[in-house]
1. Where Rh is the Kirkwood radius over the Cα pairs of chain A, the temperature 10 °C and the viscosity 1.306 mPa s, what D in µm²/s does Stokes-Einstein return?
2. Every other copy gets compared here: list the nm distances from the B:ARG48 label point (7 Å along Cα to Cβ) to its counterparts, shortest first, one decimal.
3. Anyone know which of A:THR19, A:THR81, A:THR37 comes out most mobile in the 10 Å Cα GNM of chain A?
4. If we hang a label 7 Å off Cα along the beta carbon direction at A:ASP79, how far is it from the matching labels on the other copies, in nm, shortest first?
5. Could you work out the relative contact order of chain B? I mean the mean sequence separation of Cα pairs under 8 Å and 6+ apart, divided by the number of residues, in percent.
6. Nearest 10 degrees is fine. How inclined is helix B:58-70 to the longest principal axis of chain B, computing both from alpha carbons?
7. Calculate log10 I(q)/I(0) of the protein assembly as shown for q = 0.08, 0.10, 0.11, 0.12 Å⁻¹, where I(q) comes from the Debye formula with a single equal point scatterer on each Cα and nothing for solvent.
8. Using Cα atoms only, what is the angle between the long axis of helix A:5-21 and the major principal axis of chain A, expressed in degrees (0 to 90) to the nearest 10?
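The values are calculated or read from the model by the stated rules, or taken from the named source; none is laboratory data. Owing to the predicted nature of the structure, the values given are computational and were not obtained by experimental measurement. Reconstructed Cβ throughout: ideal geometry from the backbone, glycine too, with neighbour counts over all protein chains shown. Quick note on the areas: whole protein, heavy atoms, side chains included, nothing else; ligands and nucleic acids left out. Shrake-Rupley method; radii C 1.70, N 1.55, O 1.52, S 1.80 Å.
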Protein chains: 2
Amino acid sequence: MDLKPLDALKLWHDVVLDTVRRDVPDLSARQLAILLTVYLEPPPHTVRGLASKLDVSKPAITRALDTMGQKDLLKRKRDDTDKRNVLVQRTVAGSVYLSELSDTIISKAKDHLA
Amino acid sequence: MDLKPLDALKLWHDVVLDTVRRDVPDLSARQLAILLTVYLEPPPHTVRGLASKLDVSKPAITRALDTMGQKDLLKRKRDDTDKRNVLVQRTVAGSVYLSELSDTIISKAKDHLA
DNA sequence: GAATTCCGTTTCGGAGCCGGATCAGTCTAC
DNA sequence: GTAGACTGATCCGGCTCCGAAACGGAATTC
């Protein structure tokens, strides 16, 4: 793999610019980090676990789940075996959102990594 | 270039997670977009031009320049030929910041695009 | 040289997010 | 069964950012 510094920044620039312009579901870096973690890493995902992994406070995770839940990008589910836990789960809308993000990345990558 | 959707998202995940954890100069997506534009696209860069390119309001650009100026990532310079204009210019600290970002991207890319 | 246009900034009220402390509910040890 | 540990949610004061509108200064038009 041969990715030069300038190419890496240009790729980042193109993708960030694209997401800023069509800011539709405007996610903060933290929210995006949560979304990607839930979709890419093996479950289960708890509030505490996510807070630890991202090194942020628990309320930050709870609030992010609130806002992303409203946008239907994620959903909560109470753990039946231990009702203290909340399991964070995927949704169809979340999958679509990330699918579009990967499309953007791949499209922009083609321009720089040809 | 052969970048699969899952690899693209994993790359994004790793880099975003890295920037969230060491949130030192915590830049919003917009601020990062401004920074990358100024450093990657040919000058001159004006407030109005940046607002148009990112499709955001002028005050948003002004405020972003304020905060990033405090962090010394960018600097303003009055245009001598037309004193209405403000030219946005690079700084050493900004170059260092983006250099570290590209290092992170390249490092994470190696894991997925080997 | 007065009126108009253009530029970046500031003001304004409002919305979102922040972390520490605290809370109610659940599970575990004894 | 009761005391303690643990989970996620909520409260709190504070900070950042938002866009529309209004502003002052500079350039242009006539």
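1. 103
2. 5.7
3. A:THR81
4. When each copy's label point is compared with this one, the spacings are 5.9 nm.
5. 29
6. Around 80 degrees separate the two axes.
7. Debye intensities relative to I(0), on a log10 scale: -0.32, -0.50, -0.60, -0.70.
8. Helix A:5-21 sits at roughly 60 degrees to that axis.
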